[in-house]
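The values are calculated or read from the model by the stated rules, or taken from the named source; none is laboratory data. Given the structure is predicted, the values throughout are model-derived calculations rather than measurements. Glycine also receives a Cβ, built like all others from the backbone with ideal geometry; neighbour counts cover every protein chain displayed.
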Amino acid sequence: MAYRFKLREPLGKGVRRIGLEQIEQVEAKLRAEEDVATAVHDARRCLKRLRALLRLIRPGLEAEVYRNETQRIAQVGRMLAGARDRFVMCQTVARVEKATGPLGDDCGAKIIALITDGHDLTAPPDAETRREALRKLGISRKFFAGSTLRGLTMTDVWEGLEKSYRKNRQACKEAYRRPTDENFHAWRKAVQQHWRHMSLLSRAWPETMTARAGEAKALSQILGEDHDLAVLVAFVSQNRDKLPEEAIDSLVQHAKSAQKDLRALAKLHGDRLLLEKPEDLVGRISGYWDAAKDLLRSEDHVRQTSGGTPDPGAAAGESPAAGGLAADAQTDDANAPEASPPEPEEPIRLDRMTRRSVRKRASA
């Protein structure tokens, strides 16, 4: 099933459906015995989707309930992080050597040996880790299957979207005001949440929302490369006494230069993605959502009065009037491989109001 709300589906029911689907996918990945690195990566993506879902509906939950659920899901993510983080660092070393050529004195192989430290990166999490992760997921399953979600409304969603988007803009400003690795990583997490929020709300206007989700995803991947380089630099700096100094200096110099370029590119993407004020963005998207629901009701009326054939997708809120074939475009498919940042990317189709705002800024 898709990671998105349906227009006809009560919000609480949609949150329940999506939450349980993501939990089931994590449970399946935890039981995987083959291609474990990919399975763990996919499981962590599902956990991030769960946290983004909870962040969006946060205003409709009691503070303690929200805190308990997000902390539990985050704990499961950390339990799965070790092997995946080592795997990513090894990939980053390979990317650096591809860009600069082999590091001197066989330094690349020595770094990888330190990273793996005898660990089998293709091995599944140990039995105790999997048992504890599955136990925690069982508690989260009870939350999503329970009655807590019944009182949720779209007002909660719009408030949650405004708060998370405002935090996104603030994180961007802070990253460029104080350009530390930690601040750029914090911005990356905010961008990832926005990408998934746009996916959840894509039925409002699939063509427009899918474009926005794609832009957020591209930005999160750029910031992800920046973070990978930061993690590698921190690791080799901590192990400098075990590695050839000249080769380490070369690696750090390349990484810092690449980070500078990535952050300059991210700034341009961020300027476009975060152009609107929070209240304007939420007003626009909530307007799209209401209009899409009106379209469905109008379609129903026309079919009933004209004697037309009922739309088989209408009952599920999947009518073509709400976006056509583009509605089936998935921007966060659990089974899709992680894509590389686009080069060059296709232009994002902005709505009329945003285009006017861009032109106004450009002529100022």
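Computed values, structure above
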{"read-out": "Filtered residues of segment 7-34 (kept if out of contact with any Pro (no Cβ under 7 Å at 6 or more places or on another chain), touching a residue at least 24 places away in the same chain (Cβ under 8 Å) and of a type in the set (Asp, Glu))", "value": "GLU9, GLU27"}
{"read-out": "Selected residue (criterion: nearest to GLY283 (Cα to Cα)) from residues of segment 156-174 that are free of Cβ contacts under 8 Å to residues at least 40 places away in the same chain and not acidic (Asp, Glu)", "value": "LYS167"}
{"read-out": "Matching option when the condition is farther than 25 Å from ARG16 by Cα and either surrounded by 21 or more Cβ atoms within 10 Å (Cβ to Cβ) or under 10 Å from the mean Cα position of the chain (by Cα) (or both), among ARG196, ARG188, ARG203", "value": "ARG188"}
{"read-out": "Output for segment 79-95, where each listed residue is among the small types (Gly, Ala, Ser) and modelled with pLDDT of 90 or more", "value": "ALA94"}
{"read-out": "Those helices (runs of 4 or more DSSP H) lying entirely in segment 38-146 with at least 3 residues touching a helix residue (DSSP H, G or I) at 6+ places or on another chain (Cβ under 6 Å) and more than 30 Å from LEU251 (Cβ to Cβ)", "value": "63-79, 127-145"}
{"read-out": "Criterion (more than 18 Å from SER286 (Cβ to Cβ) and among the hydrophobic types (A, V, I, L, M, F, W, C)) met by exactly one of ALA213, ALA204, ALA186", "value": "ALA186"}
{"read-out": "Residue list for segment 40-68, restricted to those being among the small types (Gly, Ala, Ser) and either surrounded by 21 or more Cβ atoms within 10 Å (Cβ to Cβ) or not assigned by TED's automatic domain parsing to the domain that holds LYS142 (or both)", "value": "ALA43, ALA52, GLY60"}
{"read-out": "Count of residues meeting criterion [within 30 Å of THR155 (Cα to Cα) and of a type in the set (D, E, K, R)] in segment 31-59", "value": "7"}
{"read-out": "Matching residues, segment 80-113, being touching an Asp or Glu at 6+ places or on another chain (Cβ under 7 Å) and surrounded by 15 or more Cβ atoms within 10 Å (Cβ to Cβ)", "value": "VAL88, THR92, LEU103, GLY108"}
{"read-out": "Among the candidates THR155, THR148, THR180, residue that is within 30 Å of LEU295 (Cα to Cα) and of a type in the set (Val, Ile, Thr)", "value": "THR155"}
